[in-house]
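Everything on this sheet refers to the single structure shown next.
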Amino acid sequence: MSQERFGIDLACMAGSLEERLRAAEAAGFSQVMLWARDLANHPEGYETAVRRVRESGLEITGLQLMRDYEGMNGPAHRYKLDVAKALLEICADVGAPLLIVSASAALPRALAPERAEADLRKLANLAVPTGVRIGFKAIPWSHTGADIRSAWDLVCRAAHANLGLVLDAFHFIAEGSAFGILDEIPPDRIVLVQLADFGVPALRENQPHDADRMRVFPGDGVQSDQVAALVRRLDGLDYEGSYSLLVFNKDYRQLPAHAVARLGIRSVGWIHDQALRRRLPLRRAPAR
């Protein structure tokens, strides 16, 4: 597995857009995950932000984030479609091949599966002319896709080639999901794997939103064995997509971007050493 398949999410780092792009490249990353706010909130304007991204020479893994999309009615649904169209335009402007859509948490009760699948199918179809793929991501506090199994079921129901699954290792491990579920998902339907380790051992005693901000880079936390095992499992299943380091951490946000990017690239090295090389069979000396 080549290092080029590993990127870092700009949300891991503090600083201006330009500082974070330079830090990622200097550390050795060839791709980064963008957030729409990185472009919309640029002090010199959106067009300048797009130009800086293009000039960086970095590959764009995808764009974060469409929230609370599926299940809206009437004006609220039309409003969400307008937001989705604008995000797809941003993807086209910066060359992002993927728009991440997190499972809706806006509804007070479970949504009928047929309604959610219809909404996702509409969005996937809307994205086809732009050349952007839609990645649906489970989040524990969602009513439509609280875990990887329910999210995959919804992707299957939507039955659209332009819709795939985003696997967040942090949530996947926190849910206690059996790795066997991965055997049921064709690897080409996983459009991205986001990686993070756990900064605290008693994750489930915390509220989900708080726990989500206790991430550390893979190899620096208390669930390193589980993260490594997950990457080995995906590699063994011939997953060929990208990995993105996604770490929300207040400690990292008070450090210079270049320091955090170096921690990230060190983590990529750990993944190679611990998760990938260990699955290679030992070569036995020939018998004499």
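The values are calculated or read from the model by the stated rules, or taken from the named source; none is laboratory data. Quantities reported herein were computed from a predicted structural model and do not represent experimental measurements. Neighbour counts are summed over all protein chains in view; Cβ atoms, including those assigned to glycine, are modelled from backbone coordinates with ideal geometry. Protein only, heavy atoms only, side chains kept; ligands, DNA and RNA dropped before computing areas. Shrake-Rupley method; radii C 1.70, N 1.55, O 1.52, S 1.80 Å.
Some notes on this structure:
- At least 27 Å along the helix axis (C-alpha) and Kyte average at least -0.5, DSSP helices within the chain: 74-94
- Under-5 Å amide H pairs with Ser244, H placed in peptide plane, nonlocal only: Gly7, Val193, Gln194, Leu195
- Kirkwood-based shape ratio for the chain, expressed as Rg/Rh from alpha carbons: 0.97
- 1.4 Å probe accessible area per residue over region 1-155, in Å²: 42
- Per-bin percent of Cα-Cα distances, region 69-153 [5 Å]: 3, 15, 26, 25, 18, 11, 3, 0
- Where the Cα pairs of region 13-128 fall when distances are cut into 5 Å bins, in %: 2, 11, 21, 20, 15, 12, 10, 7, 3, 0
- Neighbour net charge for Glu47 - beta-carbon separation under 12 angstrom, K R +1, D E -1: +1
- The share of accessible area on region 3-277 that comes from carbon and sulfur is 49 percent, using a 1.4 angstrom probe.
- Under 16 Å of direct C-alpha separation, and excluding same-chain neighbours fewer than eight residues apart, Lys85 reaches these aspartates and glutamates: Asp68, Glu70, Asp93, Asp119.
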